[in-house]
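Following: one structure in structure tokens, then a few remarks.
The values are calculated or read from the model by the stated rules, or taken from the named source; none is laboratory data. Just so you know, these numbers come straight off a predicted model, no measurement behind them. We place every Cβ from the backbone using ideal geometry, glycine too, and count neighbours over all the protein chains shown. Ligands, DNA and RNA are excluded from the accessible area calculation, which covers all protein heavy atoms including side chains. Shrake-Rupley method; radii C 1.70, N 1.55, O 1.52, S 1.80 Å.
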Amino acid sequence: MKTSLLFSLLFLMITADLQAQFYGTQYRSPGQNWQQLQTEQFRVIFPERYRQEAERTLSILELEYRDIQGLVGGELRDFPVILNPENDRSNGFVSPFNFRSEIEIAPFLGKSLSPRSGDWLESVVPHELVHALHFSANPPSIVRPLGLFSPDARRSIHAAAPLGILEGVAVEHESHNTMPASGRGNYPYFNNQLYAMMGAGNPWSMGQLVHTTTYTPPFNRHYIGGYAFINWLRSNYGEDVIRRSINRHYQMPFFGFGFALRTTTGEWPGSLYSDFMADQRRQEAERLDDLDADTDALSESIPFRATCRRANRPLTLSNDDILFFGRSCNRTTGFYKHSSGSSNSRLFYEVTITGDNHYSLSPDGSSLIYSRYHTDSIYDNQFRADLHQLDLFDGTSRRITRNQRLASPSFSGGSLYATQTEGITRRLVTVDPETGEITRTYEMADHTSVTAVAPGDSRNGSIAILGKKHGVQAIWFKDPDSETVLFRDDPDIVFERASIFDPVWSPDGERLVFTADAGGVMNIYEYHAEQDEITQITDSRYSAFEGSYDPNEEIFTYIIQRENEQLPVRIGVLQLYDRQLDRSEWSVTAAVEHDLDRPLLNRQEDADRSDWQSSDYRTGFGWLRPRIWLPSIEQMNDPADRIGISLESADRMSRHAYSLEVSHFARAFWFDGTYRYTGRYPGFEIELYNRPSLSTFQISSDGETSLLSTIAQNRGATLSVPFRYRMEQNVRFSSFLIEPKFTVSQTRFTSPSDARQPLSDFGDPLYSAGLNTTLNYNLRQNTRDLQPNAGVQLFTQTRYGLNSVPFTLQLPGGTASSTFSQRKGFRAGVNIFAAPLQRFNQSLRLSAQVYTQTPAPVFDTQSVISNLFETLPAPGAPNLGIVGTRYTIPLIYPDDGGFLLPVYLSNIYLVLFSQTVADLNNTADSARTVLGSGIRTRFKIGNLQFDLGIAVGWEPGTGHVNYLVGDF
């Protein structure tokens with residue numbers, strides 16, 4: 001009998017990837033010699049050279065543990081806290097998955113945190129400990145059994161609460177602990193952003209208080225609103241209301257945190273919000289009654305036409321030009337210039353600078369020295385600050401230093417001062433502006449840090465140093481040539497329970513202008529050197545800061561808080577406020593003396609360090625124990641579903657991670673496992689698998705055709721090595737990825753009802769090689785853009801089968817032979833982004849892709865073709881071309897939602913798009929085009945984000961109209 005076999009694989013890899021991949025990996029800087037300090041509750045992991053910082057961290061954790069436990073409950077055992085040393089972008093976080101905390105130990109730059117909280121570790125460690133104990137709370141609940149399968153998943157139940165609740169509780173603790181007047185809750189710059197919206201008649205809704213904002217500043221709104229609401233709750237419903245609400249939410253998570261508050265307070269969220277706002281309005285009205293001059297109303301705005309504007313530090317360059325740093329939702333971040341008589345400010349230089357927003361003019365006024373972050377090219381979360389010089393005539397910028405971690409530059413004659421990161425402090429250095437060499441490093445007293453320097457004093461060549469000592473941020477006048485150790489003596493200008501910012505000398509060198517947040521509002525003051533007196537020169541409703549005089553000392557420019565924006569303004573010198581301060585208001589008092597010498601966290605007791613012994617950190621094998629177990633099910637159509645379980649885990653340092661799915665189908669067991677390693681660059685990923693897929697053969701025999709269903713058992717391994725390289729990550733993003741792959745696999749066919757009954761043998765291995773490349777070049781995206789507004793993306797994928805393998809299939813009436821052929825394919829594409837109407841956040845993407853592959857396909861082209869075609873264009877074409885456009889038009893940004901019903905609407909936008917698909921071997925006859933439009937929305941349910949819409953598509957060639965709901 002003559003039998004021929006046509007191999008047509010109808011379903012190849014019908015099973016989807018069931019791995020959730022909750023546990024990622026990261027590249028950490030090499031050569032750190034990681035150590036660890038352990039107690040019963042904590043394991044602090046740190047680079048060897050930061051032993052002192054590690055001990056301070058562990059002391060704070062031990063001292064704060066019981067107090068925070070009383071606030072939120074919970075219990076910790078061997079909780080990892082990782083201190084990361086190489087990142088100048090300070091941050092801290094707690095993750096319920098791979099449960100741990102990570103802290104970038106570099107001190108914070110800028111005004112976002114209250115200086116009175118102490119050093120960086122005193123600020124961040126208690127805050128993150130609140131989150132850790134919150135996530136660990138485990139009262140009796142219907143979700144408690146989830147911890148048997150995954151403690152991480154159980155902890156994540158707490159993360160279902162609005163993030164403003166989580167952060168509000170943490171800010172509540174940092175503001176009302178053992179240090180008086182500390183934390184953001186006692187910080188006018190922080191709180192007055194809430195009151196500025198109330199004063200404008202546009203208060204934040206209940207949803208806006210507690211939900212994160214994506215498109216509308218301030219982007220820490222949920223910290224501000226969450227704290228205000230939590231603090232009000234504790235004041236009105238008892239100090240234990242938060243712990244009781246956390247427990248009730250955990251017991252009934254599906255009802256949401258709003259319902260939990262109903263059960264603990266007896267009031268629905270809407271009623272709580274009404275009472276909260278009534279109290280806030282009353283308190284704010286009392287504060288505004290004390291307002292005297294309202295210099296905000298007397299000031300003239302410096303034109304900066306944009307949406308949600310955030311400006312910093314306006315400097316008057318001449319009678320005609322004012323320069324400031326500007327950010328907004330629809331214009332590029334960078335330095336802006338406003339010229340006299342112009343109705344707007346123009347972008348002068350595109351850049352994002354360090355968080356202190358501090359820059360300095362050169363002595364001749366021809367250039368500007370600023371600091372910006374530079375990302376490490378290969379290691380994750382490593383940004384180092386360096387100095388740059390911007391030419392104010394031709395707009396070119398020159399990098400002065402490299403990897404020196406410098407910020408807050410200030411010129412004085414031929415000397416360039418800056419602050420340099422050193423552990424958890426910033427020390428004062430001088431820099432050669434031509435070579436970038438550090439020429440001197442100043443010694444400092446213990447537990448002190450330099451914030452900024454204002455050279456140019458007329459008093460015997462001394463400079464004004466803004467420093468911080470135990471949370472007291474004040475000004476010291478020092479002679480830089482004779483001073484040996486900074487901050488050994490008392491400060492010259494200091495406020496009791498208030499902080500100083502932004503020191504700068506007037507052009508004549510006689511007055512030091514600075515900001516202070518005394519009296520519940522940030523205002524600007526000036527110190528008269530000759531008279532040794534201080535005068536308050538602004539009387540702002542909410543905040544006034546970063547002030548300076550013009551060269552003729554006729555105009556004063558500064559920043560004010562207006563609603564949710566921070567705007568540059570100017571005022572005539574004769575209109576400035578004029579209140580002379582009594583010397584007792586800005587001198588060292590008994591309370592200041594206490595704060596300058598206070599112990600850690602202002603606690604008289606210290607942690608017991610007698611048993612603290614550091615040891616080398618070792619990964620060990622404990623991380624192999626699964627951190628999460630999830631059931632999985634995949635519909636296989638025939639004969640039954642594939643049922644299994646998915647496991648995942650990672651080590652504490654996120655250098656090793658694996659995912660494994662084990663399943664049962666057709667009386668056989670299957671697996672799919674991945675291991676990722678990033679302990680050394682570039683790392684690698686190995687995938688081992690034994691997968692089923694449903695395959696169908698078309699059999700022709702004696703003129704008759706029949707179909708034979710089988711299970712294809714695919715087993716093999718893939719090794720990939722990703723080489724990632726970042727060139728830039730500032731206003732624009734540029735990176736490159738090249739990832740070679742090598743796969744070895746075998747396939748056999750079995751009975752569709754019993755995979756243990758083979759219909760063929762495993763043949764010789766199939767070998768294939770692949771290469772993925774991606775280039776992102778100069779991508780730029782403003783806050784409210786829905787896709788990049790500039791830049792190019794290029795990508796390629798190559799797959800090359802290295803051999804062919806014959807196989808023989810057992811048939812009911814005999815055998816048939818065929819071959820697994822060499823499958824080859826190449827895919828390439830480009831995305832080009834442009835913004836014809838950038839000021840409206842509209843952007844255009846032009847895209848093109850080409851595929852060329854063997855008749856036995858390598859790539860799935862169907863997934864990239866629009867579902868709005870009447871039928872699939874160019875089915876089975878080995879050479880395919882796809883050209884498309886996508887134009888996004890934002891319509892509205894509500895940035896608002898509910899609390900009891902936790903649905904939050906971020907935006908609604910319009911999309912216009914087109915796609916043309918053609919078989920490149922027969923372009924004229926096969927080309928088909930669909931034109932479409934749709935309306936989409938980005939929204940959140942709880943903390944889960946969605947982006948969905950409705951679209952209509954029209955094919956000009958056929959006149960067919962189709963509709964689609966979902967993603968397009």
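For the reader, a short list of remarks on this structure follows.
- Efficiency of FRET between SER235 and SER271 - r from beta-carbon atoms, R0 25 angstrom, step 0.05: 0.95
- Put the Cα centre of the stretch 624-701 next to the Cα centre of the stretch 37-116 and the gap is 35 Å.
- Contact order relative to length of the chain, as percent, for alpha carbon pairs under 8 angstrom and 6 or more apart: 11 percent
- Amide H contacts for ASP641 (H built 1.01 Å from N in the peptide plane; partners 5 or more residues away or on another chain; cut-off under 5 Å): MET636.
- Length released on extending from SER615 to LEU298, taking residue separation times 0.36 nm less the Cα-Cα span: 107.9 nm
- 3J(HN,Hα) along the stretch 701-708, derived from phi through the Karplus expression 6.51 cos²θ - 1.76 cosθ + 1.60 where θ = phi - 60°, amounts to 8, 6, x, 10, 10, 9, 10, 10 Hz, with x in place of Gly and Pro.
- Against the main long axis of the alpha-carbon atoms of the chain, helix 120-136 sits at an angle near 40°.
- Modelled spin labels at ARG66 and THR435, positioned 7 Å past Cα toward Cβ, are 5.7 nm from each other.
- For the chain, size of Cβ-based charge dipole, Lys and Arg +1, Asp and Glu -1, in debye: 3920 debye
- On Cα atoms only, tilt of 221-237 relative to the major axis of the chain in degrees: 70 degrees
- Reported to the nearest whole Å, the Cα centre-to-centre distance from the stretch 726-755 to the stretch 364-393 is 36.
- Rounded if a/c under 1.5, otherwise prolate or oblate - the stretch 36-150, Cα gyration tensor axes: prolate
- Considering every alpha-carbon pair of the stretch 830-897, the percent of pairs per 10 Å bin, from zero through the bin containing the longest distance, is 16, 35, 26, 17, 6, 0.
- Taking GluC sites (Glu not before Pro) across the stretch 162-243, the ones in a DSSP loop with at most 16 further Cβ atoms lying within 10 angstrom of their Cβ are GLU239.
- Answer label, with Rg and Dmax of the Cα atoms in Å calculated from the coordinates and candidates (i) 32.8, 104; (ii) 31.9, 115; (iii) 34.6, 120: (ii)
- Assigned charges on the beta-carbon of Lys, Arg, Asp, Glu; the stretch 435-505 dipole about Cα centre (debye): 180 debye
- Euclidean distance of C-alpha centroids, the stretch 240-260 and the stretch 439-499, integer Å: 48 Å
- Degrees between helix 241-251 axis and first principal axis of the chain (Cα, 0 to 90, nearest 10): 0 degrees
- Trypsin sites (Lys or Arg not before Pro) restricted to the stretch 393-499 and DSSP loop, no more than 15 other C-beta within 10 Å: ARG402, ARG459, ARG488
- Separation in nanometres of the label points that stand 7 Å from Cα toward Cβ, at LEU719 and GLU554: 7.5 nm
- For SER709 and ALA278, a Förster radius of 60 Å and the Cβ-Cβ distance give a FRET efficiency of 0.25, rounded to the nearest 0.05.
- Taking the charge dipole of the chain about its Cα centre, with +1 at Lys and Arg Cβ atoms and -1 at Asp and Glu Cβ atoms, the residue from VAL171, ALA518, ALA445 reaching farthest to the positive side is VAL171.
- Residue (of PRO180, GLY966, TYR851) at the positive-pole extreme of the chain, dipole from beta-carbon charges: TYR851
- Directionally averaged shadow of the stretch 434-485, computed from the convex hull of its alpha-carbon atoms, nm²: 4.3 nm²
- Note on the stretch 295-601: along the principal axes its Cα atoms extend 51, 50, 37 Å, ordered by decreasing extent.
- Shape category assigned to the stretch 234-361 from the gyration tensor of Cα positions, a/c cut at 1.5: prolate
- When all protein chains stay in place and ligands, DNA and RNA are ignored, the 1.4 Å accessible-area order of GLU687, GLU40, largest first, is GLU40, GLU687.
- Percentage, to the nearest whole number, of Cα pairs in the stretch 872-916 over 16 Å apart: 63 percent
- Per DSSP, loop trypsin sites (Lys or Arg not before Pro) in the stretch 24-95 with at most 10 further Cβ within 10 Å: ARG77
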